[in-house]
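Taking it in order: structure first as structure tokens, then the write-up.
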Amino acid sequence: MQLLSDRILNMATSATLAMAAKARELRGEGKDIIGLSLGEPDFNTPDFIKEAAIQAVNDNFNSYTPVDGYGELKDAIITKFKRDNNLTYTPSQIVVSTGAKQSLANIAGVMLNAGDEVLLPCPYWVSYSDIVKLYDGVPVEIKTSIDTDFKMTPSQLEAAITPKTKMIWLSSPCNPSGSVYSNAELRGLADVLVKHPNIYVVSDEIYEHINYGDGHASMAEFDDMYNNTITVNGVSKAFAMTGWRIGYIGAPEKIARACNKMQGQMTSGANCIAQRAVITALNESPSRVQYMIDEFKERRDLILGLVNDIEGFKANTPDGAFYIFPDVTHYFGKTLRGKTINNATDFSLYLLEEALVATVTGEAFGNPDCIRISYAASQEQIIEAIKRIKEVVS
């Protein structure tokens, strides 16, 4: 009898976490690795949020929480959705989870049956495909390119839909490309989807506030898409709270109730102290964290200027998140310092071993032509990292 399940044996290891582990291993050997692989803000959690957590400890919040979140937190989420996104939800439509990743897993677990297809515009966040497959769904990739800012067109969406299509998972701003869909672009996709009322949109908006363009748009804002959209968000990115592990959804009530039921059998409610802190975070104006967004924009402009000076790198200008996603096909088939580069994975490993800079292969995100470079690092680290990369590819 086989010890491990087919489910786990067929699951890929997270490429971002694998690269981080490799970087830690090399640091343990005494090598000076610059990490530009993880999607984690390098800021500290703001003091006003930390103080709320300390107060919660002192107020003896230490018991199990409601499976779907404290009522006060759900009220704060409802206020946030209305204030920031013009979305109206009721408490029964909100489920708080241990990070937005669990929110996504809940959705897949309660909605997918074997053979159901989930459309994934490429590039997509590294865990989407494996979460879908874990629940016997079939990921269907929709290819985009740097020439269209990695955004899917309505005609591409229409062409990908089949009788088996159950959902589309869409992130804006996008990890890894930083692409941001405008209201008009989302409307174009919605015009296709309204013709297929059995298809649901999972709108991943975790990078919502890290936006350098004309503002954030939500698919659920459209009246004819509201009942077919599950909006996923959290506090990890905009509030520099990755380790606090709080995510949430706003969804049609039947789906929210099902997620609550599943979570009740899997993990129960999210951490009590983190939830109390997030109440404070969400009740405050997003302007409280604007200093982070301003700094990320400076870093984006800095890294683009440096990368565009490297022969063979082709980068567009992302309007959100804190990544660039350059096309590096120029190097495929070439030999650098005795190492043959066949694909983006080879190139990413080459940069780690020779430049001592950790990036992530685009293959993990459904795009084998690119690598993801995070600029959630100091400007000094960015300058040094790109200097090293330029030296080893020249």
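The values are calculated or read from the model by the stated rules, or taken from the named source; none is laboratory data. All figures in this text were calculated on a predicted structure; none of them were measured in a lab. Using ideal geometry, Cβ is built from the backbone for each residue, glycine included, and neighbour counts are taken over all protein chains shown. Quick note on the areas: whole protein, heavy atoms, side chains included, nothing else; ligands and nucleic acids left out. Shrake-Rupley method; radii C 1.70, N 1.55, O 1.52, S 1.80 Å.
Using a Förster distance of 30 Å, how high is the FRET efficiency between T13 and D47, based on the Cβ-Cβ distance and rounded to 0.05?
Numbers: r = 36 Å, r/R0 = 1.20.
Efficiency, rounded to the nearest 0.05: 0.25.
Comparing P91, P176, P163 in a Gaussian network model of the chain, where Cα atoms under 10 Å apart are tied by springs, the biggest mean-square fluctuation is seen for P163. Rounded to the nearest percent, how much of the accessible area of the chain (1.4 Å probe, protein heavy atoms only) is carbon and sulfur? Carbon with sulfur: 49 percent of the solvent-accessible area.
With a cut-off of 17 Å, note down the residues of region 326-357 whose backbone N falls inside the zone around a label point 7 Å from the Cα of S145 toward its beta carbon. 326-332, by backbone N distance to the label point. For D294 and E253, a Förster radius of 25 Å and the Cβ-Cβ distance give a FRET efficiency of 0.05, rounded to the nearest 0.05.
Comparing V360, V192, V126 in a Gaussian network model of the chain where C-alpha atoms under 10 Å apart are linked, the largest mean-square fluctuation is found at V192.
Dipole of the chain computed with +1 at Lys/Arg Cβ and -1 at Asp/Glu Cβ about the Cα centre; of T98, G35, T361, farthest Cα towards the positive end is T98. Ordering V235, A220, A190 by Cα displacement along the dipole of region 155-249 toward the positive end leaves V235 in first place; charges were set at the Cβ atoms of Lys, Arg (+1) and Asp, Glu (-1).
Which of the GluC sites (Glu not before Pro) found in region 283-313 are loop residues per DSSP with 14 or fewer other Cβ atoms within 10 Å of their Cβ? Present the calculation step by step, with values, prior to reporting the outcome.
Numbers: sites: E284, E295, E298, E311; in loops: E284, E311.
Passing both the DSSP loop test and the Cβ count: E311.
Can you list which of the chymotrypsin sites (Phe, Trp or Tyr not before Pro) found in region 27-77 are DSSP loop residues with at most 10 other C-beta atoms within 10 Å?
Numbers: sites: F43, F48, F61, Y64, Y70; in loops: F43, F61, Y64, Y70.
Those that pass, being in a loop and sparsely packed, are Y64.
Over region 65-185, calculate the relative contact order: mean separation of alpha carbon pairs under 8 Å at least 6 apart, over the residue count, as a percent.
Details: 147 pairs, mean separation 26.2, N = 121.
Computed value for region 65-185: 22 percent relative contact order.
Among G305, G247, G338, the largest mean-square fluctuation in a Gaussian network model of the chain, built with springs joining Cα atoms closer than 10 Å, belongs to G338.
Quick check for you: with a 1.4 Å probe and neighbouring chains kept, what is the accessible area per residue of the chain, in Å²? Don't skip to the answer; put the middle values down first.
Details: 16530 Å² over 394 residues.
For the chain, the solvent-accessible area averages 42 Å² per residue.
Roughly speaking, what is the stretch gain from M266 to N283, that is 0.36 nm per residue apart minus the C-alpha to C-alpha distance, in nm to one decimal? Please report the intermediate quantities before stating the final value.
On the way: separation 17, 0.36 × 17 = 6.12 nm, distance 2.87 nm.
So the chain would gain 3.3 nm between M266 and N283.
Among the trypsin sites (Lys or Arg not before Pro) in region 134-199, those located in a DSSP loop and surrounded by at most 10 other Cβ atoms within 10 Å of their own Cβ are K195.
Assuming R0 = 41 Å, can you tell me the calculated FRET efficiency for the pair V57 and I383, based on Cβ-Cβ distance, to the nearest 0.05? Display every interim value, and only then the final one.
Working: r = 40 Å, r/R0 = 0.97.
It comes out at approximately 0.55.
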